[in-house]
Amino acid sequence: MANHDALPLVILTEQFAKLPGIGIKTATRLAYHVMSMPSDEVEAFSQALLHAKRTVHYCKCCENLTDSDFCPICNDNSRDKSTICVVETPKDISAFERTGEYKGVYHVLHGLISPLKNILPDDLKIRSLIARVQQGNIQEVIMATNPTVEGDATASYISQLLKPFGVTVTRLAFGLPVGGILEYADEVTLYKALENRNAM
């Protein structure tokens with residue numbers, strides 16, 4: 001069946017469809033919505049995309065996303081720097097911060113070990129985590145990867161690497177469903193998971 005939309009609209013739809021969770025129908029609705037927006041709003045939207053892409057980078061300490069050398073959490077002197085919560089993505093930090101209960105700092109791996117997807121330990125931000133622990137003053141590392149095969153494998157691998165440093169390595173006591181995703185967990189579930197974490 002022939003596509004009767006203007007080519008630029010088709011291209012815009014295809015770009016929206018590349019975003020996670022956006023199917024072709026939603027992408028088409030978004031493309032048509034952009035066409036109905038005032039030009040200044042479209043300009044502001046495009047500038048926000050470009051500005052974020054050009055200025056946001058990894059924190060020099062925890063690998064979180066930031067527009068400064070260090071993210072606001074690493075710069076916060078009230079945080080407990082002796083406890084590191086290791087997460088898969090920056091979105092997971094937001095989930096923990098919503099609980100208002102965790103007072104330590106974080107480390108973002110930016111993925112999980114998955115040989116089937118050709119993601120190996122060197123592809124993740126594991127070296128910088130080890131370097132942080134080597135510097136001393138770290139008492140506990142909380143492995144807060146998702147309760148999946150890849151999440152468990154990554155947590156176990158990092159736990160083995162950290163053993164020589166004498167730090168306590170714990171794993172979240174998942175009241176979270178196996179195969180669940182941290183960013184969708186409610187605050188109470190995350191708080192209980194933190195509260196009941198177990199040694200590895």
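Annotations for the structure displayed:
- Restricting attention to region 156-181 and to residues that are touching a Pro at 6+ places or on another chain (Cβ under 9 Å) and touching a residue at least 40 places away in the same chain (Cβ under 8 Å), the residue that is surrounded by the fewest Cβ atoms within 10 Å (Cβ to Cβ) turns out to be Tyr157.
- Enumeration of residues in region 12-39 that are under 19 Å from Leu49 (Cβ atoms) and open to solvent by less than 80 Å² (accessible area, probe 1.4 Å): Leu12, Thr13, Phe16, Ala17, Ile22, Thr26, Ala27, Leu30, Ala31, Val34, Met37, Pro38
- Residue count for region 128-139, restricted to those that are within 19 Å of the chain's Cα centre (by Cα) and surrounded by fewer than 17 Cβ atoms within 10 Å (Cβ to Cβ): 1
- Screening Glu63 on (1) touching a residue at least 40 places away in the same chain (Cβ under 8 Å); (2) open to solvent by 70 Å² or more (accessible area, probe 1.4 Å); (3) not polar (S, T, N, Q) shows it passes everything except condition (2).
- Only one of the numbered conditions (1) open to solvent by less than 80 Å² (accessible area, probe 1.4 Å); (2) at pLDDT below 85 is violated by Ala153, and that is (2).
- Test for Ala173: is it modelled with pLDDT under 85 and under 15 Å from the mean Cα position of the chain (by Cα): no
- Among the conditions (1) exposed (fewer than 15 other Cβ atoms within 10 Å of the Cβ); (2) farther than 24 Å from Gly180 by Cα, Pro115 misses just one, which is (2).
- Region 118-127, residues that are open to solvent by 30 Å² or more (accessible area, probe 1.4 Å) and either touching a residue at least 24 places away in the same chain (Cβ under 8 Å) or not in a loop (DSSP other than H, G, I, E, B) (or both): Ile119, Pro121, Asp122, Asp123, Lys125, Arg127
- Within region 102-122, the set of residues being small (Gly, Ala, Ser) and farther than 24 Å from Ile138 by Cα comprises just one member, Ser114.
- Among the residues making up region 49-102, a single one is in contact with a strand residue (DSSP E or B) (Cβ under 7 Å, 6 or more places away or on another chain), assigned to a loop (DSSP other than H, G, I, E, B) and at pLDDT below 95: Tyr102.
- Matching entry among Leu109, Leu116 (being modelled with pLDDT of 95 or more and either of a type outside the set (A, V, I, L, M, F, W, C) or within 18 Å of Asp152 (Cα to Cα) (or both)): Leu109
- Taken together, the criteria exclude Thr189 from residues that are modelled with pLDDT of 90 or more, open to solvent by less than 80 Å² (accessible area, probe 1.4 Å), of a type outside the set (Phe, Trp, Tyr) and on the phi < 0 side of the Ramachandran plot.
The values are calculated or read from the model by the stated rules, or taken from the named source; none is laboratory data. Values in this document were obtained by computation on a predicted structure and should not be read as measured data. A quick note on method: Cβ atoms are made from the backbone with ideal geometry, for glycine too, and the neighbour counts reach across all protein chains shown. Areas reflect the complete protein model, heavy atoms only, side chains present, ligands, DNA and RNA absent. Shrake-Rupley method; radii C 1.70, N 1.55, O 1.52, S 1.80 Å.
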